[in-house]
1. For region 25-44 and region 46-86, what is the centre-to-centre distance using only Cα atoms, to the nearest Å?
2. Test of understanding: ordering Met92, Met8 by Cβ neighbours within 10 Å, fewest first, what list do you get?
3. Tell me the label-point distance for the pair Ser11, Arg42, using the 7 Å Cα-to-Cβ offset, in nm and rounded to one decimal.
4. Just how large is the dipole of the chain about the Cα centre, in debye to the nearest 20, putting +1 at every Lys and Arg Cβ and -1 at every Asp and Glu Cβ?
5. Could you tell me how many degrees, from 0 to 90 and to the nearest 10, lie between the Cα long axis of helix 3-22 and the main elongation axis, the longest principal axis, of the Cα atoms of the chain?
6. Go ahead and set up a Gaussian network model of the chain, Cα springs under 10 Å, then flag whichever of His43, His78, His52 fluctuates most.
7. Find out how many positive minus negative residues lie around Arg3, taking Lys and Arg as positive, Asp and Glu as negative, among other residues whose Cβ is under 15 Å from that of Arg3.
8. Once you've got the GNM for the chain with C-alpha springs shorter than 10 Å, pick whichever of Pro29, Pro87, Pro50 has the biggest mean-square fluctuation.
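Values quoted throughout were computed directly from the atomic coordinates according to the rules given, and no laboratory measurement underlies them. A quick note: this is a predicted structure, and the numbers were derived from the prediction, not measured. Here the Cβ positions follow ideal geometry from the backbone for every residue, glycine too, while neighbour counts run over all protein chains shown.
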Amino acid sequence: MSRIEKQMKKSIERAVGAHKSEGKSHTLPLNPKAPKYVAPHRHCAICQTPIHQDSEPPVCADKECIKKREKQEKSRKHLNIMLYLFPAIAIMLFMLQFIR
């Protein structure tokens, strides 16, 4: 085991030990009547406001967030096409050299 791995293991053990020694539970209560209860939810992918858990796409009702999400999706689709198209063209050009 290298020196860095030993240091990381020691840091992890120290952090876990500190967490256990606090004695506090960091889980949220499951009872809706509890004072610290938080309903299951997700956050808007753009502005991080809480939204309903089943909302798809994960954006709030704000028009700016919807526009930004559509722009991101369009950009992602273009990137995916380029990631598959350019290597395919390169492979075809490489194979054409041997056909002639």
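1. 27
2. In increasing order of surrounding Cβ atoms, one gets Met92, Met8.
3. 3.2
4. 340
5. 40
6. Taking springs between Cα atoms under 10 Å, the residue moving most is His78.
7. On the way: positive: Lys6, Lys9, Lys10; negative: Glu5.
It works out to a net charge of +2.
8. Evaluated over the chain, the most mobile residue of the options is Pro87.
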